[in-house]
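The values are calculated or read from the model by the stated rules, or taken from the named source; none is laboratory data. Keep in mind that this is a model prediction, so the values were computed, not measured. For neighbour counting, all protein chains shown are included, and Cβ atoms are generated from backbone atoms with ideal geometry for every residue, glycine included.
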Amino acid sequence: MSTNPSMEPDLFAADLRTQFEAFLDDHRADLEASLDGLSEEEARAALVPSRTTLLGLVKHAAFVEKVWFDEAITCRSRAEIGIPATPDESFVLDPEDTIASVRAAYREACAGSRARTAALGPDDLVRGNRRGPLPLRWVYLHMLRELAQHCGHADILREQILAARAQ
């Protein structure tokens, strides 16, 4: 999907935070790129029994960014942030959701994540998660796992959509 800046030789010896952010940005870009060239109908296509669609995955990823890089860092509630109470609800597409609007919301959420972590180090604790205080490094690792999983989902859904075009 996208190029992978995390594989640039300069990054191999970079500090941990720089490496985390590069890998996160790779996954963020890959997930967003899963929508490239799709119609609105294809992006909303329900190909599995769950609420998972390509557009819903990107919308959910914006939710996850806000849970881990807003709620966990600022200690604001989900209601204050303006996000659903549960992860399952974050996949629900509203009639006004479009590829462009969901992409814009996702980019905004990612920019907010970068801004809120800018002054923090990997060992700084974030205190707004239900698990209790967590080091930012754990949040980065959790987000890498979450985004990698969803990139895999997106690859499979996109493959199904493109295969259906060829029929």
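Listing for the model above:
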quantity	calculated
The range 31-42 residues that are touching a residue at least 12 places away in the same chain (Cβ under 8 Å), paired with ones that are among the charged types (D, E, K, R) (beta carbon under 7 Å, 6 or more apart)	Glu32/Arg103; Ser34/Arg158; Leu35/Arg103
Pairs where the first residue, in the range 142-167, is touching a residue at least 12 places away in the same chain (Cβ under 8 Å) and of a type in the set (Lys, Arg) and the second is surrounded by 14 or more Cβ atoms within 10 Å (Cβ to Cβ) and in a helix (DSSP H, G or I), C-beta under 7 Å, 6+ apart	Arg158/Leu54
Verdict on Ala72 being closer than 24 Å to Glu41 by Cα, among the aliphatic types (A, V, I, L, M) and either modelled with pLDDT of 95 or more or surrounded by 12 or more Cβ atoms within 10 Å (Cβ to Cβ) (or both)	no
Only one of Leu54, Leu47, Leu16, Leu38 that is more than 30 Å from Ala79 (Cβ to Cβ) and in contact with a Leu (Cβ under 6 Å, 6 or more places away or on another chain)	Leu47
Some residue of the range 121-135 being part of a helix (DSSP H, G or I), at pLDDT 95 or above and either over 12 Å from the mean Cα position of the chain (by Cα) or loosely packed, with under 15 Cβ neighbours inside 10 Å (or both)	no
Answer from Ala164, Ala111 - the residue that is hydrophobic (A, V, I, L, M, F, W, C), modelled with pLDDT of 95 or more and either surrounded by 11 or more Cβ atoms within 10 Å (Cβ to Cβ) or in a loop (DSSP other than H, G, I, E, B) (or both)	Ala111
Subset of the range 37-69 that is touching a Lys or Arg at 6+ places or on another chain (Cβ under 9 Å) and not in a helix (DSSP H, G or I) - its residue that is farthest from Ala115 (Cα to Cα)	Leu38
So Ala72, is it without any contact (Cβ under 8 Å) to a residue 60 or more places away in the chain and among the aliphatic types (A, V, I, L, M)	no
